[in-house]
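To start, the structure itself, in structure tokens.
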Amino acid sequence: MLFFSELLGRWPLQGVPVKLCASPVSWHQSPSSLLTIPMARKPLSPISHTTYTTQCCNEEYEIFQGTYSSLSFDHIYRGQGLAYTPGGPQPLITSYHNHSSAKLLQLIPPSGLALCMAEPDSNTQRRSGALAALRWQGFRSRSSAAPKEKPPIEMPLERTLPRPPAPVERRREMTEDEFWKWREEEPKYEDGIKWTSLRHNGPAFPPPYEQLPDNIKFYYNGEIVTLNAEAEEVASLYAKMLDHKLTRDETFRKNFFTDWKDTMSPEVKKVIASLDQCDFREMAEFGYFFLDGHKQRIGNYNISPPGLLVGRNSPNRGKLKKKILPEDVTINCSEKEVPEPPPGRRWGQVQHNPAVIWLASWKESPPEKLKYMMPHASSKLMGENDWKKYEVARSLKHHRAQIQEQYSKDWDSEDKSLRQRGVVLYLIDKFAFRVGNKTKDGMTTDTFGCCSLRVKHVTLHEDHKGETKKVEFNFMGKSSILYKKMVPVEEKVFRNLQQFKEEKGEKGEVDLFDQVNPQVLRTYLKSLMKGLTTKVFRTHIACITMEQQLKNLTHHHIKNKVLSFNEANRKVAELCNHQRTKTELHWSDLQDKTEASTDELSLLKKKLEQAMQGINTEELKSDVKRKDDELRKLDVKSRMEENKQLNLNSSNLYYIDPRIIVAWCIKWGVPVEEIYTKAQRDKFAWAIHMNNENFEF
DNA sequence: CTTTCCCATTCTGAGACCCAACG
DNA sequence: CCGTTGGGTCTCAGAATGGGAAA
């Protein structure tokens, strides 16, 4: 909870993290009825006026009549937010976002400051930052309202840069007590006077437009036309949206063209008569690259802005991610086509390496790791790699039996390192574990994979729920996702694990497989099959599983094809342990409910049994039935919730050979569009193009 | 109308794996 | 000679974002 007093010190509110207080009554002076300020769903046109009248403090006030809509901070800074109050129009300071509404909890005269607080539902919190505040001056009741004369408001929209220097004095924020003290002691101003001193830094402006380099041209009717600076800026805004469907919308085009024309110099205006003849394509500068002359999308062309590192459990979280300058960037391109660095800057390095597919790289910190600008998943280069990956995974089927035979033999070896290797490989082959590279101490999160498993991560159960020989895994995997599963294993694997554990005694933090590391394993796998690595197993198993699951769907079960597809997909996600970690709020509620219902049901059943001897059991029977139904419904719901914990996206994007899906789609007459989204179809264009009905993984 | 749910897409962090250099 | 290390490259990972529509 951020107190009102604190708010004042932080005006305007951009970027202020605010926690919601469950009962925001702590600063209430007097009870007041809630006032909802409705939000327009779509930005209202400037001419539309709406009047909202509502009850507050048991008196009726006219609250707004104005042109507010999806007001963001951005709008506010530009002074576009206006509230028409009884005292006349006033700038509105709020963090409204469309999709959100806020409850005005209290109006605090006479300063006219009002605080609006969003309801603590997840959406408003997420979208609007939980708190909206509104400064409303000239607050008066209707009875004493000043005549509705709207004084012209002076809102200097144009300022001369540079901005005025920030005040040097650092001011401590008031405590709540201090705030109220100040409020009591503040001088009573006469009407029309609000303050004696007022200081701030003015609005923040977006960076100025940078003109396009000379080699970027705009064409009209096939001819190069040089636009004046202002027209170019506006044109580039349109160019950015070329892929947007709105650029085929008549009104959108008409409106843009009219406004664009206003920015043209007379000479340019004379030339450009129709939008249809305009070719903006080159002006959409970023986001594309040309591979042997063919236009391809770039995956990530925005360098992430400086900020604080938000890692998943990373020891570096909170550390500064420095601003990346052109001088930090290495460009990879062909020799005669070096991109123009931003004006007045230069590239750190330019190289012409055709052996790699990245377009630019820079070192991001922390941790000191290279980042790359890469082609988009839909590009030829990425598509080829994707295809190659699946071909390798596919070829594993010719070697798998032999590999399994080999590692099974290793379980009996005299050599402990061989026995360990055999067990490790078994786990990888059976449970699709990641290899588990060494993590740098202190630099990265402690997460684990097969080779790096520690003694405490593995629990052996000789006899578990009547079944014998079960192994329980419990460790943090990639991205700190918990891997917790209980699985049956081969007798010999079990004995070996038992022995490895025993050797280490009570030391849970010790590596379970001390004789194996990813490097050794890699060399070994390489000798078994060309291109074989640990992750090939993961891909292979995922594909086989998917194919099998889809095959199991008979005509009878295939009524809802998309649903059955998801079911199969889910199996793969489960195998790969792909989860979403967001805690669903109602998840625990549901469990509680189920538990309570179960208790009630058993109680009712008991009652029924006791009453059986009597005659009047009908009522009880129906009670039992009702409760039973209720429980069944809850069960279905909870299973649905459970499924929500799985993340199907990763397996779909990275593990399941799209050719399996395409073949399945053809076989059952399911349009690919029903299975893959637009972005996925782009990524898997290579597989869709192959269109092979008989594909078998 | 507001609020909540749902989903596709983007974002950027975190692994795997390769290879050359090192000890 | 051979195992280890660390930088470089590409793949995989869930969260954040934001549009749209159902409730």
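The values are calculated or read from the model by the stated rules, or taken from the named source; none is laboratory data. Fair warning: this is a prediction, and the values are worked out from it, not measured in the lab. Reconstructed Cβ throughout: ideal geometry from the backbone, glycine too, with neighbour counts over all protein chains shown. What goes into the accessible areas is simple: the full protein's heavy atoms, side chains included, and nothing from ligands, DNA or RNA. Shrake-Rupley method; radii C 1.70, N 1.55, O 1.52, S 1.80 Å.
Take the residues in region A:409-431 that are closer than 17 Å to A:T545 by Cβ and of a type outside the set (V, I, T), then tell me which one is surrounded by the most Cβ atoms within 10 Å (Cβ to Cβ).
Among those residues, the one meeting the criterion is A:L427.
Out of A:L381, A:L425, report the one residue that is at pLDDT 95 or above, under 19 Å from A:R538 (Cα atoms) and out of contact with any Lys or Arg (no Cβ under 8 Å at 6 or more places or on another chain). Only one candidate qualifies: A:L425. Can A:K270 be described as more than 11 Å from DNA strand B (Cβ to nearest atom), of a type in the set (D, E, K, R) and over 28 Å from A:A679 (Cα atoms)? It is true that A:K270 is more than 11 Å from DNA strand B (Cβ to nearest atom), of a type in the set (D, E, K, R) and over 28 Å from A:A679 (Cα atoms).
Selection within region A:272-281: residues that are surrounded by 15 or more Cβ atoms within 10 Å (Cβ to Cβ) and outside any loop (DSSP other than H, G, I, E, B). The member of this set that is farthest from DNA strand C (Cβ to nearest atom) is A:D279.
The residues of region A:378-389 that are surrounded by fewer than 18 Cβ atoms within 10 Å (Cβ to Cβ) and out of contact with any Pro (no Cβ under 9 Å at 6 or more places or on another chain), listed by number, are A:K380, A:E384, A:N385, A:W387, A:K388, A:K389.
Might you let me know whether region A:390-408 holds any residue that is away from DNA strand B (no atom under 16 Å from the Cβ), open to solvent by 50 Å² or more (accessible area, probe 1.4 Å) and among the charged types (D, E, K, R)? Yes, there is a match, as at least one residue in region A:390-408 is away from DNA strand B (no atom under 16 Å from the Cβ), open to solvent by 50 Å² or more (accessible area, probe 1.4 Å) and among the charged types (D, E, K, R). Can you say whether A:E491 is in the same structural domain as A:S417 (by TED's automatic domain parsing) and more than 24 Å from A:E414 (Cβ to Cβ), as far as the supplied structure shows? Taking the combined requirement at face value, the residue does not satisfy it. Among the numbered conditions (1) at pLDDT 95 or above; (2) within 22 Å of A:N647 (Cα to Cα), the only one that A:S480 does not meet is (1). All of (1) within 12 Å of DNA strand B (Cβ to nearest atom); (2) buried (at least 16 other Cβ atoms within 10 Å of the Cβ) hold for A:S304 with one exception: (2).
Does A:T539 satisfy the criteria of being within 16 Å of DNA strand C (Cβ to nearest atom), modelled with pLDDT of 95 or more and in contact with a Cys (Cβ under 8 Å, 6 or more places away or on another chain)? Against the criterion (within 16 Å of DNA strand C (Cβ to nearest atom), modelled with pLDDT of 95 or more and in contact with a Cys (Cβ under 8 Å, 6 or more places away or on another chain)), A:T539 does not qualify. Taking the stated definitions as given, is A:K530 surrounded by fewer than 16 Cβ atoms within 10 Å (Cβ to Cβ) and not in a helix (DSSP H, G or I)? For A:K530, the condition - surrounded by fewer than 16 Cβ atoms within 10 Å (Cβ to Cβ) and not in a helix (DSSP H, G or I) - is met.
Candidates in region A:486-512 are the residues that are touching a residue at least 24 places away in the same chain (Cβ under 8 Å) and in a strand (DSSP E or B); of these, the one that is least open to solvent (accessible area, probe 1.4 Å) is A:V487. Quick check on region A:665-675. Is at least one of its residues aromatic (F, W, Y), farther than 17 Å from A:E384 by Cα and at pLDDT below 95? Checked against the condition, which is being aromatic (F, W, Y), farther than 17 Å from A:E384 by Cα and at pLDDT below 95, region A:665-675 yields at least one hit.
Out of A:V562, A:V624, report the one residue that is in a helix (DSSP H, G or I), open to solvent by less than 30 Å² (accessible area, probe 1.4 Å), outside the structural domain of A:I428 (by TED's automatic domain parsing) and modelled with pLDDT of 65 or more. Break it down into steps so the answer makes sense when it comes.
Working: A:V562 fails: open to solvent by less than 30 Å² (accessible area, probe 1.4 Å).
From the options A:V562, A:V624, the qualifying one is A:V624.
Just give me the residues in region A:353-366 being out of contact with any strand residue (DSSP E or B) (no Cβ under 7 Å at 6 or more places or on another chain) and open to solvent by 60 Å² or more (accessible area, probe 1.4 Å), in sequence order. Once the filter is applied, which keeps residues that are out of contact with any strand residue (DSSP E or B) (no Cβ under 7 Å at 6 or more places or on another chain) and open to solvent by 60 Å² or more (accessible area, probe 1.4 Å), region A:353-366 yields A:P354, A:A355.
Just wondering, is there one or more residues in region A:452-467 that are open to solvent by less than 50 Å² (accessible area, probe 1.4 Å), closer than 30 Å to A:R659 by Cα and within 11 Å of DNA strand B (Cβ to nearest atom)? No, that holds for no residue.
Name the single residue that is farthest from the chain's Cα centre (by Cα) among those in region A:281-331 being modelled with pLDDT under 90, within 30 Å of A:D441 (Cβ to Cβ) and among the charged types (D, E, K, R). Here the answer is A:R317.
Out of the residues in region A:321-342 meeting the condition of being part of a loop (DSSP other than H, G, I, E, B) and among the aliphatic types (A, V, I, L, M), tell me which one is surrounded by the most Cβ atoms within 10 Å (Cβ to Cβ). Spell out how you get there, then give the answer.
Taking region A:321-342 first, the residues part of a loop (DSSP other than H, G, I, E, B) are A:322-325, A:333-342.
Of the ones still in play, those that are also among the aliphatic types (A, V, I, L, M) are A:324-325, A:338.
Details: A:I324: 18, A:L325: 14, A:V338: 12.
Once the filter is applied, the top-ranked residue is A:I324.
Looking only at region A:437-451, residues that are away from DNA strand C (no atom under 12 Å from the Cβ), surrounded by 16 or more Cβ atoms within 10 Å (Cβ to Cβ) and closer than 20 Å to A:E472 by Cβ come to 2 in all.
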